[in-house]
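**Student:** Here it is, the structure, as structure tokens.
The values are calculated or read from the model by the stated rules, or taken from the named source; none is laboratory data. Quantities reported herein were computed from a predicted structural model and do not represent experimental measurements. Neighbour counts are summed over all protein chains in view; Cβ atoms, including those assigned to glycine, are modelled from backbone coordinates with ideal geometry. These area figures cover heavy atoms from the full protein model, side chains too; ligands, DNA and RNA do not enter into them. Shrake-Rupley method; radii C 1.70, N 1.55, O 1.52, S 1.80 Å.
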Amino acid sequence: MLNAAAFPVTRPESRDDLPARSDLPTRIARIVSEVLAPAVLVAALLMVVGWHAGETSGASHWWGLPGALFAAVIPLGYVLHGVRRGRLTNHHIPERADRRVPLLFGTASLAAGLALLVALGAPREVLALLGAGGCGLAVFAAVTHWWKMSIHAGVASGTVAALTAVYGPVALLGVPLVVLGCWARVRLTAHTPAQVVVGAVAGAVIAGTVFPLLR
């Protein structure tokens, strides 16, 4: 009779919370995933668009700061709290089933920030960006119920699309960074190629249509 212990089952890595491999490409992929994390890109994008809105409308350059607070900082704080309490594995939320509630919380936080900024008279461009972000979160939250579409890829491509609407084709120089971010998520086996491609397309379409329409 064969001894099952003599034939251990090796399961492929499928989450980016597994122990880090020592090879250089994987270490680079982990760094890229942190630098191009959704919260980082959302905060940076709101600051850039807020600054641009101040130049064109004569309003304060810092309207993006409260937007970043509600769209990135508060949702990230919620996720980190979940990690500390043991409800979530890490701040990238690798398990699909765990993503829905944080996404819904992020949508609610963004909606609250949008309502506050409307009441305070924030520039239309900042409000439009928050509106587009809310649409994106709602779409990703809905899809996540069935499929783990890449939020990293969606936010990265959406960032480039929004910047293109503001600054023109020169912003398309950021496309290689989107590709790099997609590669990193696949390299870490956090997503399949299909999940990053669909996520990137969804992010670009939402930001590239909703944001220009609202601004």
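**Student:** Suppose all protein chains stay in the model; what accessible area per residue would a 1.4 Å probe give for the chain, in Å²?
**Tutor:** Accessible surface, normalised per residue, equals 52 Å².
**Student:** Can you compute 3J(HN,Hα) from phi for each residue in region 59-71, using the Karplus curve 6.51 cos²θ - 1.76 cosθ + 1.60 with θ = phi - 60°, rounded to whole Hz and x for Gly and Pro?
**Tutor:** The phi angles translate into 7, 4, 6, 9, 5, x, 5, x, x, 5, 4, 7, 8 Hz.
**Student:** OK, next. Considering only protein heavy atoms and a 1.4 Å probe, what is the carbon-and-sulfur percentage of the accessible area of the chain?
**Tutor:** Numbers: 8020 of 11110 Å².
It is 72 percent, rounded to a whole number.
**Student:** So for E55, E95, what's the accessible-area order with a 1.4 Å probe, most first?
**Tutor:** Heavy-atom accessible area, descending, gives E55, E95.
**Student:** Using per-residue counts of other Cβ atoms within 10 Å, averaged over each peptide, order 195-203, 99-107 from highest down.
**Tutor:** Packing proxy ranking, top to bottom: 195-203, 99-107.
**Student:** How large is the helix-only mean residue ellipticity at 222 nm for the chain, computed as the sum of -39500 (n - 2.57) over DSSP H runs with n ≥ 4, divided by its residue count, in deg cm²/dmol to the nearest 500?
**Tutor:** -22000 deg cm²/dmol
**Student:** Could I ask something else about it? If the chain between L214 and A97 were fully stretched, how many nm would it gain, using 0.36 nm times the residue separation less the Cα-Cα distance?
**Tutor:** On the way: separation 117, 0.36 × 117 = 42.12 nm, distance 3.21 nm.
Once the chain is fully extended between L214 and A97, it gains 38.9 nm.
**Student:** Can you give the direction-averaged projected area of the convex hull of the alpha-carbon atoms in region 107-215, in nm²?
**Tutor:** Details: hull surface 27.2 nm².
Computed as one quarter of the Cα hull surface, the answer is 6.8 nm².
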